[in-house]
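Just below is one structure, and these are the notes that go with it.
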Amino acid sequence: MEKSYLECIQKLKQFKELLLSDIDVKRGKLYLTWTKEKTEKIINEKDEDYI
């Protein structure tokens, strides 16, 4: 679990470095919002076959 967390943090840092212009920042915010919503949906999913 810790290894997965560290890999995720590293990828987020790399992603953040790619956000150079205002349009990129807006795209990044939309992507992170979408990721948060999907993560919450997966966490709250009761059907084991969904994941």
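The values are calculated or read from the model by the stated rules, or taken from the named source; none is laboratory data. Model, not experiment: these values are computed from the prediction. When we count neighbours, we look across all protein chains shown, and the Cβ atoms used for this are built from the backbone with ideal geometry, even at glycine. What goes into the accessible areas is simple: the full protein's heavy atoms, side chains included, and nothing from ligands, DNA or RNA. Shrake-Rupley method; radii C 1.70, N 1.55, O 1.52, S 1.80 Å.
In the chain the Cα-Cα distances spread across 5 Å bins starting at 0 as 4, 17, 16, 22, 19, 12, 6, 3, 0 percent of all pairs.
Principal-axis analysis of the Cα atoms of the chain puts helix 22-44 at an angle of about 10° to the longest axis.
Near residue 34, once Lys and Arg are set to +1 and Asp and Glu to -1 for all other residues with Cβ below 15 Å from its Cβ, the sum equals +4.
Helix 2-17 and the longest principal axis of the Cα set of the chain meet at an angle near 30°. The 1.4 Å probe gives accessible areas that order 19, 30, 12, largest first, as 30, 12, 19. Pairs 3/36; 11/41; 11/46; 13/46; 3/46: which are spaced more than 24 Å apart, C-alpha to C-alpha? Among 3/36; 11/41; 11/46; 13/46; 3/46, the Cα-Cα distance tops 24 Å for 11/46; 13/46; 3/46. Across the protein chains, with a 1.4 Å probe defining accessible surface, the residues 42, 9, 23 rank 23, 42, 9 from largest area downward. The loop-placed trypsin sites (Lys or Arg not before Pro) in the chain, going by DSSP, that have at most 13 neighbouring Cβ atoms within 10 Å of their Cβ come out as 46. Accessible area per residue for the chain, computed on protein heavy atoms with a 1.4 Å probe, is 104 Å². For chymotrypsin sites (Phe, Trp or Tyr not before Pro), the sites in the chain that DSSP calls loop and that have at most 14 other Cβ atoms within 10 Å are 50.
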